[in-house]
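Participant: Sharing a structure with you now.
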Amino acid sequence: MNRTAHITTFLATAIATSSMAYAHEKGNLILRAGPALVEPNEESTSIRINQPDLGYVYGAKVGIDNDVQLGLTATYMMTDKIAIGLLAATPFTHDIVGAGAISGVGKLGETMHLPPTLTAQFFLADPEDKFQPYIGAGINYTTFFNEETTQTLTDSIGVLASLAQTPVDGVVATSTKLKLDDSFGAALELGFDFALTENIGLNASFWYIDIETEAKITAQTNVGEVRASTDVKIDPYVYFVGLSYTF
């Protein structure tokens, strides 16, 4: 009888401890780290030469490549089901390349950016479950910095001027600069946590982020300063896989 009682007590304690160990509870802080892939789903308008006002260079667009950096996320459980989540990362670097009618010219420049994203998260499972799927929605702020241009862009200014709505031949650029405007936009999130121990787990997350910017090009040429621009919808998919620690 005593052995049976001990076994029953042990099993009851183990079940209770297991439920407590894997709980997502109000007040928990969950920190995560791992690789984050930003995959732009970009679309740009045709480049427009604004100064002098030569109009659009129809079909001449830009594209943006992927990049992987260290992703850092945090979740604070406001209740057992509702949380606030933050996405951060080390700075991403993206090549800016020719697209559309100028898709063969190659790299035109590059930029670095940080995309901090704040979301309200809702956890779908019971708090004691090891597997914790969640959905989220919120806002993103993306800041661009360290923009650089290539000689390819500088050499292309004269070609773009000759192909504009009001074409001008003989333009030769000696240097170019690039500036991208910062962006505010909506963000949607899907993810899950899976507990491995009382504090350590796995996380996989996905975001769709609304990022729009105006890329502004300034060129010094033999006919004076030439300015051009294009509106770019970057709208990236962001993929994250990492380890989590729950406090």
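Participant: Just one of (i) 37; (ii) 9; (iii) 19 is percent of Cα pairs over 34 Å apart as worked out from the coordinates here. Which one is it?
Facilitator: Correct label is (i).
Participant: Along the charge dipole of the chain, which of PHE194, TYR237, TYR134 sits closest to the positive end, that is, farthest toward it, with unit charges on the beta carbon of Lys, Arg, Asp and Glu (+1, +1, -1, -1)?
Facilitator: Going by the charge dipole, the pick is PHE194.
Participant: Could you work out how far apart the two model spin labels at LYS233 and GLN69 are, taking each label as a point 7 Å from the Cα in the direction of the beta carbon, and quote it in nm?
Facilitator: So the two model labels end up 2.4 nm from each other.
Participant: Among ASP181, ASP235, ASP95, which one moves the most in a GNM of the chain with springs linking Cα atoms closer than 10 Å?
Facilitator: Most flexible of the set in this elastic network: ASP181.
Participant: Under a point-charge model restricted to the Cβ atoms of Lys and Arg (+1) and Asp and Glu (-1), what is the dipole moment magnitude of the range 2-246 relative to its Cα centre, in debye to the nearest 20?
Facilitator: Its charge dipole is roughly 380 debye.
Participant: Sequence gap of 8 or more, or different chains, plus Cα separation below 23 Å: how many lysine pairs satisfy both in the chain?
Facilitator: 17
Participant: Relative to the longest principal Cα axis of the chain, at what angle does helix 2-21 sit, 0 to 90 degrees, rounded to 10?
Facilitator: Around 20 degrees separate the two axes.
Participant: Let me ask another. Please report how far the C-alpha centroid of the range 164-192 lies from that of the range 36-112, rounded to the nearest whole angstrom.
Facilitator: 10
Each value in this text was obtained by applying a stated rule to the coordinates, not by laboratory testing. Model, not experiment: these values are computed from the prediction. Glycine gets a Cβ as well: all are built from the backbone with ideal geometry, and neighbour counts include every protein chain shown.
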